[in-house]
1. Could you compute the longest span of the chain free of GluC sites (Glu not before Pro) located in DSSP loops and having at most 16 other Cβ atoms within 10 Å, not counting the site residues?
2. Any idea of the accessible area per residue across the chain, 1.4 Å probe, to the nearest Å²?
3. Near K633, which lysines are there with a Cα under 19 Å away, not counting those fewer than 8 places off in the same chain?
4. State the percentage of accessible surface on region 69-143 attributable to carbon and sulfur atoms; use a 1.4 Å probe and exclude ligands, DNA and RNA.
5. What value does the chain have for Rg/Rh, both radii from Cα atoms and Rh as Kirkwood defines it?
6. I need the calculated FRET efficiency for the pair D655 and F46, taking r as the beta carbon distance and R₀ as 30 Å, to the nearest 0.05.
7. When all protein chains stay in place, what accessible area (Å², nearest 10, 1.4 Å probe) is found for K587?
8. For region 604-669, give the percent of accessible area contributed by carbon and sulfur heavy atoms, probe 1.4 Å, rounded to a whole number.
Amino acid sequence: MSNTTASTPTPTAPLVDGLYYEGDKIADTKAPHDVPIAQRWEQRKFNAKLVNPANRRKLDIIVVGSGLAGGAAAASLGEQGYNVQVFFYQDSARRAHSIAAQGGINAAKNYRNDGDSVYRLFYDTVKGGDYRAREDNVYRLAEVSANIIDQCVAQGVPFAREYGGQLDNRSFGGVQVSRTFYARGQTGQQLLIGAYQAMERQVAAGTVTEYPRHEMVELIVDEGKARGIVSRDMSTGELRTHIADAVVLATGGYGNVFFLSTNAMGCNGTAIWRAYRKGAYFGNPCFTQIHPTCIPQHGDQQSKLTLMSESLRNDGRIWVPKRAEDCDKDPREIPEEDRDYYLERIYPSFGNLVPRDIASRQAKNMCDEGRGVGPKIDGVARGVYLDFADAIQRLGKAAVSAKYGNLFDMYERITGDNPYEVPMRIYPAVHYTMGGLWVDYDLESNLPGLYVAGEANFSDHGANRLGASALMQGLSDGYFVLPNTINDYLAHCFHLPELNEDSPSVKEALEAAQGRIDTLMSVGGTRSVDSFHKELGKIMWEYCGMERTEAGLKKAIGMIRELRADYWRDVRVPGKSIGELNQSLEKAGRVADFMELGELMCIDALHREESCGGHFRAESQTPEGEALRHDDKFLYVAAWEFAGDDQPPVLHKEDLIYNDIELKQRSYK
């Protein structure tokens with residue numbers, strides 16, 4: 001392993017703000033910097049050691065998660081001849097949350113001949129992330145993006161096409177070209193079916209073994225290397241150990257720490273949090289994305305929020321009434337001159353297609369001014385209009401329906417309003433997490449043998465992800481990156497110590513997982529898991545959501561610590577831990593991890609005294625209210641190390657070096 005590993009500081013090291021220690025700096029040293037950035041990926045693939053095809057069947061790889069990153073990785077590694085075990089908590093790999101992605105996938109094909117290129121996609125992604133991503137990883141992402149489209153077309157993914165048969169493109173936020181490939185409003189579903197079919201082919205070939213309805217509850221680490229996992233059969237409660245030569249985590253993001261998010265109810269951060277507690281660094285945990293176009297919250301009893309695709313901003317216009325007294329009127333009765341198309345007014349160059357963090361903050365600003373629309377939550381109307389009247393008049397209802405019909409139908413089923421006749425009401429909601437486990441250029445964490453793909457890692461999006469780039473990263477990591485980097489590690493794995501159920505490291509992991517379950521079942525308190533989760537979500541949204549302050553984050557840390565203490569004193573987990581399905585127990589373990597993660601997110605947000613992308617510190621903004629970075633102090637990745645229960649975490653900094661893109665204040669005006 002070539003990335004720097006730092007040691008935990010001694011207790012004599014200074015405690016920063018009473019919350020964390022600062023450790024040694026780290027760096028990625030696997031990207032070959034002796035060649036230009038455009039040649040680094042090819043050079044890295046050439047430098048990586050290979051595994052003879054006849055020897056691959058002797059090596060075992062565990063993949064946790066079956067979404068786009070996990071499914072693509074399992075399919076690709078299985079096809080290469082490795083023995084792959086893939087674990088997922090759904091009853092079918094096709095139900096992974098990647099299926100929920102709507103709008104599209106980016107790729108630098110330049111089919112529209114509008115000036116797109118690999119470099120422009122690279123530049124847009126770094127700028128969109130507010131210059132807080134690693135150049136090498138982002139350039140590679142842009143470079144392999146075109147291969148993803150070719151791969152998916154070969155699989156039969158039904159991308160939209162123009163009349164002449166060419167693949168169609170549309171625009172997404174933060175760019176001025178059309179590079180987003182799409183399958184109506186269900187792109188994620190179609191891409192996932194492609195990855196699923198590729199994986200099932202390997203299941204039939206015998207190289208991939210599936211474990212449905214299994215969740216990872218512990219990581220097995222032996223002699224400093226990731227060697228397997230402990231899984232829980234969610235149908236029976238049985239714990240099992242699984243040994244491998246390498247482990248790939250592709251378990252998505254941790255947005256459900258906020259309770260209300262666009263994520264599926266089952267999405268959780270347990271796999272990456274278990275790895276963090278075993279020594280893997282956690283990169284930039286406070287970098288979370290708020291999506292600007294979601295159906296607003298309608299009350300206190302709902303359990304999730306619903307995304308409306310960013311693609312709608314191609315033709316929909318976002319506005320609020322100019323006067324607060326008009327907010328209760330039927331929007332169709334408000335004349336044009338009394339409407340404020342605020343994104344078009346503030347950002348004339350990009351209009352309604354500004355990046356997500358900017359669109360979200362401006363929606364909040366409009367509602368804070370008292371110009372929000374719709375039902376009031378805690379005394380404030382949290383909604384703005386997304387209006388398609390102009391598009392319907394310009395293109396015709398049939399053309400709009402052909403583009404967005406399934407999204408319009410979904411909106412009407414949920415709200416009862418017909419968006420062909422009445423403007424949609426939307427408001428920002430938690431959607432994606434740019435933070436995740438720290439990885440190097442090979443997608444290997446600082447823990448040897450532990451690889452992290454897709455949203456579960458931190459690597460490509462900086463402080464804000466551009467729309468349609470999540471699918472691009474997941475498939476890039478799964479189809480093209482991991483299959484060309486993990487071999488460099490596996491080539492050295494033929495002489496690893498043989499492990500079995502009686503090995504000390506395996507027994508220790510199993511006992512830790514069982515002990516945690518036993519503790520949760522034995523508390524016997526009075527409060528449900530969901531009540532604690534909802535309270536945690538309110539704390540996170542209020543103090544670590546769209547706007548953050550020093551005082552608020554410090555208050556949140558104290559509140560989370562008190563809530564966590566109450567949780568282990570008063571949580572009630574009904575049912576049994578063995579012999580039956582127990583969804584309360586599943587949630588209990590996940591919420592316990594969310595509480596620890598939420599505290600780390602607040603510590604990370606507190607230490608980063610700047611605004612960048614989705615991390616907006618009220619103390620650090622331009623006179624126009626835009627995010628104000630401090631590159632002299634915070635041009636680094638914050639990689640956090642677990643130092644023990646109830647011990648302050650350790651901050652390791654990876655300096656971000658920009659040689660191919662000029663650092664500048666981000667502007668979309």
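1. On the way: sites that count: E162, E223, E238, E369, E421, E498, E501, E580, E609, E619, E624, E662.
Excluding the exposed sites themselves, the longest stretch runs over 1-161.
2. Result: 37 Å² per residue.
3. The qualifying lysines are K25, K127, K653, K664.
4. Summing carbon and sulfur atoms, their accessible area is 41 percent of the total for region 69-143.
5. 0.95
6. 0.65
7. Roll a 1.4 Å probe over it and K587 shows about 80 Å².
8. Its accessible area is 43 percent carbon and sulfur atoms.
The values are calculated or read from the model by the stated rules, or taken from the named source; none is laboratory data. None of these values were measured; they are calculated from a predicted model. Cβ atoms come from the backbone with ideal geometry, glycine included; neighbour counts cover every protein chain shown. Accessible surface is based on the protein model in full, side chains and every heavy atom, while ligands, DNA and RNA are left aside. Shrake-Rupley method; radii C 1.70, N 1.55, O 1.52, S 1.80 Å.
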